[in-house]
Amino acid sequence: MSAWPGGSCPECGDEMPAKVLRCRTCGAMLNPSLEIPDVAAPDLNALPEVQVVTEIQAKGYYVGCPNCESELRISAKYVGQQVACKFCSAPFLFDPKSATIRRIAVYAECPYCRQELRIAEKYLGKRVGCKHCDGAIRTTLPVGHT
């Protein structure tokens, strides 16, 4: 197999320099000993869709009052402090890890739509969708409250 020596294109007649594979004008192969290989298109495999999950921290807790069992919504900033039930006025030390306090759920703000969400304990640490906007979130307890 010899390289193109230069000269006129066999298809269109334009002058082509030496060592060129195709005619710059018509695209014809200049060396008759070369063949255009058949190239098969590769199979296209659909890639899995990557979904971003935003981690959010709970802002507070829904707990049962240790005295009357009424449901209370208490901010995480009150952990370790003395609080009182708004229904029976019984004071108690707010510690969500305590066996005397029944944790029902947590609350947090959706980072996408800014709506407040009530998240059951069973969904903590799991990928869930916001009930308002369907944004993918994973809720954790506030730092140091596990």
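Nothing in this text is a laboratory measurement; each read-out follows from the coordinates by a stated rule. Note that the structure is a prediction, hence the values are computed from the model and not measured. Note: ideal-geometry Cβ built from the backbone for every residue, glycine included; neighbour counts use all protein chains shown.
Counting other Cβ atoms within 10 Å, which trypsin sites (Lys or Arg not before Pro) in region 1-47 have at most 14 and lie in a DSSP loop? Spell out each step's value before the answer.
Details: sites: K19, R22, R24; in loops: K19, R24.
Of the trypsin sites (Lys or Arg not before Pro), the ones in loops of region 1-47 whose Cβ has at most 14 other Cβ atoms within 10 Å are K19, R24.
Please state the shape class of region 98-146: rounded when a/c is under 1.5, otherwise prolate if a/b exceeds b/c and oblate if not, all from the C-alpha gyration tensor.
Values: a/c = 2.20, a/b = 2.07, b/c = 1.06.
In terms of gyration-tensor shape, prolate.
If I model a spin label at L44 and T25 as a point 7 Å from the Cα along the Cα→Cβ vector, what separation in nanometres do I get?
If labels sit at L44 and T25, their model points lie 3.7 nm apart.
Cα-based count: Lys pairs in the chain below 25 Å, eight or more positions apart or different chains?
14
Around E15, what is the net charge, scoring Lys/Arg as +1 and Asp/Glu as -1 over all other residues with Cβ under 15 Å from its Cβ? Write down the numbers at each step before the final one.
Details: positive: K19, R22, R24; negative: E11, D14.
Spelling it out: positives minus negatives among the neighbours equals +1.
Test of understanding: what is the full-extension gain from Q115 to N67, defined as 0.36 nm times their sequence separation minus their Cα-Cα distance?
Working: separation 48, 0.36 × 48 = 17.28 nm, distance 3.11 nm.
Going from the current span to full extension adds 14.2 nm.
Using a Gaussian network for the chain with springs between C-alpha atoms less than 10 Å apart, which of these wobbles most: T25, T54, T100?
Judging by the Gaussian network model, the answer is T25.
Can you give me the relative contact order of the chain as a percent, contacts being Cα pairs under 8 Å and 6 or more apart? Before the final figure, lay out each step's value.
Details: 244 pairs, mean separation 26.7, N = 146.
18 percent.
Specify whether the C-alpha gyration tensor of region 9-122 places it in the rounded, prolate or oblate class, a ≥ b ≥ c being the square roots of the eigenvalues: rounded for a/c under 1.5, otherwise prolate if a/b is larger than b/c and oblate if not. Display every interim value, and only then the final one.
Details: a/c = 7.48, a/b = 5.86, b/c = 1.28.
It is prolate, given that a/c is not under 1.5 and a/b is the larger ratio.
For the chain, set up a Gaussian network in which alpha carbons nearer than 10 Å are linked by springs, and say which option among E109, E55, E11 fluctuates the most.
E11
Quick one: net charge of K126's neighbours, Cβ under 13 Å, K/R +1, D/E -1? Kindly include the intermediate steps, with their values, before the conclusion.
Numbers: positive: K122, R127, R138; negative: E55, E121.
Residues close to K126 contribute a combined charge of +1.
Springs between alpha-carbon pairs under 10 angstrom, Gaussian network model over the chain: which of L117, L44, L72 fluctuates most?
In this elastic network of the chain, the residue with the biggest mean-square fluctuation among L117, L44, L72 is L44.
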